[in-house]
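S.K.: Input: one structure, supplied below.
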Amino acid sequence: MVGAGSSGAVIAARATERSDREVLLVEAGPDYPPSVTLPSDLVDGTKNSMTEHDWGFSYLPMPGHDAWVYPRGKVVGGSSAVNTCIALRGQPYDYDEWAALGLPEWSFEACLPALKRLEDDHDIHNRWHGEGGPIPIRRHPPEELTAFQAAFVEACRALGFPACPDQNDPDPFGVGPQPMNKVGGVRMSAARCYLDEDVRRRDNLRIRPRTCVRRVLFHNGKVTGLEVETEGKVEVVSTNRVVLAAGAISTPGILLRSGIGPRDLVERLGVELVSDVPAVGARLLDHPGSLAIFIPKNHGFASVRHPLIQTVLRYTSEGSPFPSDMQLQPFSFFAWPGNHMPLVGISCCVGKPRGHGRITWTSADPSAKPLIELETVSHPDDRACAAEAMELAGHVARTRPLRDLVVPFWPNDHVLRSRAEISRWIEFSSGSGYHPSGTVPMGPEGDPAAAVDGRGHVRGVSGLIVADASIMPTIVSTNTNVTALMMGERFGEWLRDGGL
């Protein structure tokens, strides 16, 4: 098992529920078992950990722009151990879209049991939610909201948006608290919740941290082993099955180093071709986002000690066939370089982007980083959605609950009042939602756009499975972490019960 992140940690925990399933879980980052003190950046679920446990990736948001950081968790728990703890599910149409592509096992009806099984929802008790699962999910009640978050909710209501107490309802619309996998400000990662002391005591589970996977080894198209490197020592682990869950950035790189991918690219990297799979790394999906920044009129209104995220507005973009495809989300603080007073912000997330980015490699060296080009708003529909969202952010900021509390900083008020001006500003301000996916997409037999089948089996070889956000054929309309956890639940169940 390669990668102990949002999918991999779950798969390892579920598969080893059967004593005759032996799992070696290989992770490039460090491991912090329950018996040791967890570093503070991994404990603090009120904000992202951007550097201490990170791969050091960067990306180009648009052609010709400067590179921005692209945080990805390098630690047991993966990005679930460093993210902002937003626990939004995909909407039913997201999974039904996969089913319509010829993947009936990924319909909402098929995925719902795993979505319920992974969660322990503290607030909502109905047929759509689970209780007693590994991941606790709660929402900030009104008395916990910061002044800015509370004012944002009031402002959205003043504009006519309804209250939405459950953003994970199958039909979410309106403003309300974010469902979050943090309790008392403490991040509830896949590592903390799935790889607890009881799971780690299993004789059939071994965790090998700080170990880089160089490549998967084959003989006549069949997996024979895994070449790994630990503290400079290279060795081969013999196995006839490898499950890749290294994430949408690292998984395609491992495949290419192993000889699986587009023929011309594999040969250009100097790797012997094992299987010509053009879809490996052909595109990179992510959510475009932009952030409007505001200056608080009162000192103490914003603080880096506040939770970054607490609430969200979900609405449908103009002319969209996807209900509630947009998110408008207040940031409780933003640190502008050289400015000593924390600012606040309102961000947007384009949930169903039409465009996609690219990820390319120029070296088969396992330490080499790929070139990541997101093309965030190159597609005119995505730019239009983002501009519409930022225009709405301006309307929200000018309503009575907020207009006496904040003033526009970037962009200025003139820009926020003109969608045409916003559209020009968007090109230089758009960035990633940090939701990479789709780099090794699944599809039915014969689909030229697919690299794996509906259960992650890689085309042209046997014994190799991909089981992470890489295989999403389209991006879900929300943050991707809960979907990755759900995928881990399903692959773990299949591995445990002989379904793979």
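Rule-based calculations on the coordinates, nothing more; no lab input. Everything numeric in this text was worked out from a predicted model, so none of it was measured. For neighbour counting, all protein chains shown are included, and Cβ atoms are generated from backbone atoms with ideal geometry for every residue, glycine included.
S.K.: In terms of modelled amide H atoms, which long-range or inter-chain residues lie less than 5 Å from the amide H of V277?
M.R.: Residues meeting the criterion, in which the H sits 1.01 Å from N, are G261, R263.
S.K.: Measuring from the lowest to the highest alpha carbon on each principal axis, how far does region 1-142 reach, largest first, in angstroms?
M.R.: 44, 43, 41
S.K.: So for the pair D381, S35, with labels modelled 7 Å out along Cα→Cβ, what separation do we get in nm?
M.R.: About 5.4 nm separates the two model spin labels.
S.K.: On to the next question. Say R0 is 35 Å: what FRET efficiency, to the nearest 0.05, do L159 and E52 get from their beta-carbon distance? Could the numbers behind the result be given before it?
M.R.: Working: r = 39 Å, r/R0 = 1.13.
That gives a FRET efficiency of 0.35.
S.K.: While we're looking at this one, here's another question. Using only the alpha-carbon atoms of region 58-195, report the extent along each of the three principal axes, biggest first, to the nearest angstrom.
M.R.: 45, 40, 34
S.K.: Please give the length that would be gained between H219 and V304 if that part of the chain were fully extended, namely 0.36 nm times their separation in residues minus their C-alpha to C-alpha distance (nm, one decimal). Before the final figure, lay out the partial values.
M.R.: Values: separation 85, 0.36 × 85 = 30.60 nm, distance 5.40 nm.
25.2 nm is the gain from fully extending H219 to V304.
S.K.: What ³J(HN,Hα) values, in whole Hz, does the Karplus curve 6.51 cos²θ - 1.76 cosθ + 1.60 give for region 360-372 when θ = phi - 60°, with x put for Gly and Pro?
M.R.: Whole-Hz 3J(HN,Hα) from phi for region 360-372: 9, 10, 10, 8, 8, 5, x, 8, 6, 9, x, 8, 10.
S.K.: Normalised by the residues of region 1-129, what does the relative contact order come to in percent, with Cα pairs under 8 Å and at least six apart? Write down the numbers at each step before the final one.
M.R.: Numbers: 152 pairs, mean separation 26.2, N = 129.
Computed over region 1-129, the figure is 20 percent.
S.K.: Which value, to two decimals, describes the C-alpha radius of gyration of the chain once divided by 2.2 N^0.38 Å?
M.R.: Values: Rg = 22.1 Å, N = 500, 2.2 N^0.38 = 23.3 Å.
Here the Cα radius of gyration is 0.95 times the empirical estimate.
S.K.: Another question, if that's okay. Quote the relative contact order of the chain in percent (integer), defining contacts as alpha-carbon pairs under 8 Å separated by 6+ residues. List each step's numbers first, then the result.
M.R.: Working: 1236 pairs, mean separation 109.0, N = 500.
The value is 22 percent.
S.K.: Also: Longer than 22 Å from Cα to Cα, which of K47/K369; K47/K182; K74/K182; K74/K116; K74/K352; K74/K233 are they? Say none if no pair is. Mind dumping the intermediate values first?
M.R.: Details: K47/K369 25 Å; K47/K182 11 Å; K74/K182 20 Å; K74/K116 27 Å; K74/K352 27 Å; K74/K233 19 Å.
Cα-Cα > 22 Å for K47/K369; K74/K116; K74/K352; rest within.
S.K.: Test of understanding: what is the full-extension gain from A67 to V234, defined as 0.36 nm times their sequence separation minus their Cα-Cα distance? List each step's numbers first, then the result.
M.R.: Working: separation 167, 0.36 × 167 = 60.12 nm, distance 3.25 nm.
This chain segment gains 56.9 nm when fully extended.
S.K.: State log₁₀ I(q)/I(0) for region 207-301 at q = 0.13 Å⁻¹ as given by the Debye formula over alpha-carbon point scatterers of equal weight, solvent excluded.
M.R.: Cα-only, vacuum Debye calculation for region 207-301: -0.55.
S.K.: Here's something else I'd like to know. Which FRET efficiency value, to the nearest 0.05, is calculated for R400 and F173 with the Förster distance at 25 angstrom and r the Cβ-Cβ distance?
M.R.: In this case the efficiency is close to 0.65.
S.K.: By count of other Cβ within 10 Å, fewest leading, how are T480, T211, T376 ordered?
M.R.: Neighbour counts put them in this order, fewest first: T211, T480, T376.
S.K.: Taking the simple approach of a point 7 Å from Cα along Cα-to-Cβ for both D20 and R241, what is their distance in nm?
M.R.: Taking the simple label geometry, D20 and R241 are separated by 1.2 nm.
S.K.: Say a paramagnetic label sat at a point 7 Å from the Cα of F322, along Cα to Cβ; which residues of region 365-401 have their backbone N under 13 Å from it?
M.R.: Hits in region 365-401 for F322 at 13 Å: 381-383, 385-386.
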